[in-house]
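Here the structure is laid out as structure tokens; the discussion comes afterwards.
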Amino acid sequence: MSEISIKNLSKSFVDKNGEVIALDNINIDIEKGDIYGIIGMSGAGKSTLVRCMNYLEKPTSGTVEVAGKELGSLKKKELQKHREKIGMIFQGYNLLMQKSVVENICFPLYIQGIKKKEARKRAYELLEIVGLSDKRKAYPSQLSGGQKQRVAIARALAANPEILLCDEATSALDPQTTASILELLKDINEKYNITIVIITHEMSVVKKICTKVAVLEGGHVKKEGEVATIFKEVISDVGA
Ligand code: ADP
């Protein structure tokens, strides 16, 4: 059984100009432990697809199965609970600016009802994992972009997710910082067997860390498979 199984998924939006088909009959299977890249140009449907993976966006048709459950079949409370298995990080970090690093990481644990002492213990372990133990009392404004993303990764891992969704997580970072964040993600994948989905418009990100990739174009999956195979095909397509 796949960790994430997307079947016949379509998503359309209606705006003032009429219907926009963001995703058209997507079929993807992501296995446990994969680092799976979803690459495409702006407007290809990447963010919509990743938001369907945790039902922040409800598909117009089709199914999304995550960690053994079809998300469309869950009641609101069950969906909220199941979402704890899915961590997410973003390009803009989405940290609470008025809270310290450690409190940012504790926040999702408090929401789950975990007591302060236990939450802090977990937060310190996570800060160790992301290499930021010395910054626990700092505020987000005192951190570099790479450090902020490390805090966001620690926060996403707080609830012990099985899956980490990364939406353009390195797009605001310089190449060296990008490389160090990708190393950290790879480490987390290997040590904790967390399935990682990486949404990106950058080939170099996919090449560096992903095992498999789907190329999205105009809401369709144009190519899908092992990274090495897909890159060979892309190179031969452009006649290089
Ligand atoms: P990407 O992440 O690859 O840039 P998106 O998933 O954001 O692509 O968008 C895919 C398409 O869906 C685009 O044409 C975009 O304009 C459209 N779209 C996304 N969200 C909405 C929305 N809430 N309302 C209307 N159209 C939307």
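None of the figures in this text is laboratory data; all of them are computed from the coordinates on show. What you are looking at is a predicted structure, and each value in this text was computed from that prediction instead of being measured. For neighbour counting, all protein chains shown are included, and Cβ atoms are generated from backbone atoms with ideal geometry for every residue, glycine included.
Miscellaneous remarks
- nm² value of the averaged projected area, convex hull over the Cα atoms of region 1-72: 5.0
- Packing, as the average of other Cβ atoms within 10 Å across residues, places the peptides 49-55, 12-18 in the order 49-55, 12-18, highest first.
- Values of log10 I(q)/I(0), in the order q = 0.13, 0.15 Å⁻¹, for the chain under a Debye, Cα-only, solvent-free model: -0.81, -1.06
- Altogether, the Stokes-Einstein calculation at 37 °C and 0.692 mPa s, with the Kirkwood radius of region 69-165 over Cα pairs as Rh, returns a diffusion coefficient of 238 µm²/s.
- Using a Förster distance of 41 Å, the FRET efficiency for SER204-LYS16 (Cβ separation, nearest 0.05): 0.65
- Charge sum, other residues only, whose C-beta stays under 15 Å from SER5's C-beta, Lys/Arg counted +1 and Asp/Glu -1: -3
- Pairs over the 31 Å Cα-Cα cut-off, from the set LYS69/LYS137; LYS46/LYS75; LYS11/LYS207; LYS85/LYS115; LYS85/LYS208: LYS69/LYS137.
- The charge dipole of region 4-239, taken about its Cα centre with unit charges on the Cβ of Lys, Arg, Asp and Glu (plus for the first two, minus for the last two), comes to roughly 1220 debye.
- A simple spin-label model places pseudo-atoms 7 Å from Cα toward Cβ; at ARG136 and LYS223 they are separated by 4.7 nm.
- The Cα atoms of region 173-226 define a convex hull whose projected area, averaged across directions, is 4.1 nm².
- The sum of -39500 (n - 2.57) across all DSSP H runs of n ≥ 4, divided by the residue count of the chain, sets its helix-only mean residue ellipticity at 222 nm to -11000 deg cm²/dmol.
- Extension reserve of the LYS32-TYR192 stretch, reckoned as 0.36 nm per residue once the Cα distance is removed: 56.5 nm
- Residue (of VAL151, CYS210, ALA138) at the positive-pole extreme of region 136-212, dipole from beta-carbon charges: ALA138
- Label separation (GLU70 vs LYS232): 3.7 nm, computed from points 7 Å beyond Cα along the C-beta direction.
- Positive minus negative residues near VAL213 (Lys, Arg vs Asp, Glu; Cβ under 14 Å): -1
- The chain: angle of helix 175-192 to the longest principal axis, Cα-based, in degrees nearest 10: 80
- Euclidean distance of C-alpha centroids, region 17-52 and region 198-234, integer Å: 12
- Cubic angstrom per residue, convex hull over Cα atoms of region 111-235: 135
- Rounded to the nearest 10 degrees, the inclination of helix 227-237 to the longest alpha-carbon principal axis of the chain is 40 degrees.
- Direction-averaged projected area, Cα convex hull, region 1-125: 10.1 nm², rounded to one decimal.
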